[in-house]
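The values are calculated or read from the model by the stated rules, or taken from the named source; none is laboratory data. Not measured: the values here are computed from a predicted model. Reconstructed Cβ throughout: ideal geometry from the backbone, glycine too, with neighbour counts over all protein chains shown. Accessible surface areas use protein heavy atoms only, side chains included; no ligands, DNA or RNA. Shrake-Rupley method; radii C 1.70, N 1.55, O 1.52, S 1.80 Å.
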Amino acid sequence: MKANHLLLAATLACAIAAPIETLAKDDGMVQQMTPPAIRLPNEGALPPFDGAAEWLNSPPLTAAGLRGRVVLVDFWTYTCINWRRTLPYVRAWAEKYKAQGLVVIGVHSPEFEFEKNADNVRQAAKDMRIDYPIAIDSDHAIWGAFNNEYWPALYFIDAQGHIRHHQFGEGEYGQSEKIIQQLLAETGTGGISHGLVSVDARGAEAAPDWSSLKSPENYVGYERTENFEPPGGAVRGKRHVYTAPARLNLNHWSLSGDWTMDKGATLLNKANGRIVYRFHARDLHLVMGPRARGTSVRFRVLIDGQPPGAAHGIDVDERGNGTVTEQRMYQLIRQPKPIVDRQFEIEFLDSGVEAFSFTFG
């Protein structure tokens, strides 16, 4: 499957995440009982990991070498907010069931070009406290071997090397953990608790506010963006001075200043360029970074024309000030209730920033 088809399919995972998360709210009730065995089909053999460019936190692992162990394979890419919100559970399962023989493998299959850089993945794994094995899948070879189409995607493999279950998108954490417990029990391992992990997810890892979420993910490059509405429209692949309208419709966005809009990202050519976005969500994130490695770009965030105050995200102070230092996802807004339509604005005080996508929560 071609890369652009993979990315389109992965975007669809966001669409199925909300109803799945709603089901996950029942986890507390499920935790009070020992459920009957879940009927799990055989979905085929665990594919090889031969396509990994390198491994982090582990020597190379093989399907044959993992025989006899229960394995959880987690497809991720470090700027994906949907995956990021599953990470507290995956980390907790890796720690809780390690002694019982569970092996968690994170397969990092990138969405953006900069995510193919193993040093970037290594730094992200360190920042996110991921210490289980990671296969760097920069060419999507393992992704293709699994016929995977989603971030996040979990595959549950039994001790005989058979895929017994999969979970696409966020949610159903209680069921996922019960399946881990069941597969471990099938190996004859004793002492497995039927309780479920409890996570204290904070920052970008916190569960979204589905009831208030009315803004979908949107890309900033011209190939996949939607609702871009400066006067005159987009000028593709060329420098252009844009002027943003005074007011935008919900989920529409615009630019102001000297920008170059490329297929996958938009580059600021001169200081004091702005991105304006009208959204409806508790959280707003922007995947961005300096084009030149080792440089930084200062920025200032406003919401409805004012500093964010208590609505600031973890990468911004109350006055709206922040600095782009690396290519990653930045949480810029986390607002208290009530959640209504708001106009977001980010002004970059230096040139050289590339913006890739907006996500919400």
Pairs returned, first residue in the stretch 322-343 that is at pLDDT 95 or above, second residue that is part of a strand (DSSP E or B) and polar (S, T, N, Q), beta-carbon separation under 8 angstrom, 6 or more apart or interchain, are Met329/Thr359
Residue count for the stretch 93-123, restricted to those that are open to solvent by 10 Å² or more (accessible area, probe 1.4 Å), touching a helix residue (DSSP H, G or I) at 6+ places or on another chain (Cβ under 9 Å) and assigned to a helix (DSSP H, G or I)
3
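Determine, yes or no, whether Ala281 is in a loop (DSSP other than H, G, I, E, B) and buried (at least 22 other Cβ atoms within 10 Å of the Cβ). Reasoning before the result, please.
Details: in a loop (DSSP other than H, G, I, E, B): yes; buried (at least 22 other Cβ atoms within 10 Å of the Cβ): yes.
In short, yes.
Would it be correct to say that Ala244 is within 30 Å of Asp119 (Cβ to Cβ), more than 22 Å from the chain's Cα centre (by Cα), of a type in the set (Gly, Ala, Ser) and assigned to a loop (DSSP other than H, G, I, E, B)? Don't jump to the end; show me each part of the working.
Numbers: within 30 Å of Asp119 (Cβ to Cβ): no; more than 22 Å from the chain's Cα centre (by Cα): yes; of a type in the set (Gly, Ala, Ser): yes; assigned to a loop (DSSP other than H, G, I, E, B): yes.
Against the criterion (within 30 Å of Asp119 (Cβ to Cβ), more than 22 Å from the chain's Cα centre (by Cα), of a type in the set (Gly, Ala, Ser) and assigned to a loop (DSSP other than H, G, I, E, B)), Ala244 does not qualify.
Restricting to the stretch 221-240, count the residues that are open to solvent by less than 50 Å² (accessible area, probe 1.4 Å) and in contact with an Asp or Glu (Cβ under 8 Å, 6 or more places away or on another chain). Can you show your working first?
Start the filter on the stretch 221-240 by keeping residues that are open to solvent by less than 50 Å² (accessible area, probe 1.4 Å), which leaves 221, 225, 228, 230, 233-235, 237.
Keeping just the survivors that are in contact with an Asp or Glu (Cβ under 8 Å, 6 or more places away or on another chain) gives 221, 237.
Total satisfying the criteria: 2.
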Members of the stretch 51-76 found to be surrounded by fewer than 22 Cβ atoms within 10 Å (Cβ to Cβ), closer than 21 Å to Arg122 by Cβ and of a type outside the set (A, V, I, L, M), listed by number:
Gly51, Glu54, Trp55, Asn57, Ser58, Pro59, Pro60
For residues that are within 21 Å of Asp127 (Cα to Cα) and out of contact with any Phe, Trp or Tyr (no Cβ under 9 Å at 6 or more places or on another chain), scanning just the stretch 331-354, find the one that is least open to solvent (accessible area, probe 1.4 Å).
Gln331
So Ile192 clears everything in (1) open to solvent by 20 Å² or more (accessible area, probe 1.4 Å); (2) touching a Ser or Thr at 6+ places or on another chain (Cβ under 6 Å); (3) not basic (Lys, Arg) except one condition, right? Which one?
(2)
Checked the stretch 312-321 for anything over 21 Å from the mean Cα position of the chain (by Cα) and either surrounded by 14 or more Cβ atoms within 10 Å (Cβ to Cβ) or more than 18 Å from Asn272 (Cα to Cα) (or both); matches are Asp317, Glu318, Gly320, Asn321
In the set Tyr150, Tyr155, which member is more than 12 Å from His108 (Cβ to Cβ) and in a loop (DSSP other than H, G, I, E, B)?
Tyr150
Odd one out for Ser211 among (1) open to solvent by 60 Å² or more (accessible area, probe 1.4 Å); (2) part of a loop (DSSP other than H, G, I, E, B)
(2)
Testing Ala159 on (1) of a type in the set (A, V, I, L, M); (2) open to solvent by less than 50 Å² (accessible area, probe 1.4 Å); (3) over 19 Å from Ala45 (Cα atoms), one condition comes back false. Which one is that?
(3)
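Please find, within the stretch 297-311, the residue that is farthest from Asn272 (Cα to Cα) out of those that are open to solvent by 60 Å² or more (accessible area, probe 1.4 Å) and not charged (D, E, K, R).
Keep residues of the stretch 297-311 that are open to solvent by 60 Å² or more (accessible area, probe 1.4 Å), which gives 298, 300, 304, 306-307, 310.
Cutting the leftovers down to not charged (D, E, K, R) gives us 306-307, 310.
Details: Gln306: 17, Pro307: 17, Ala310: 24 Å.
Top of the filtered list is Ala310.
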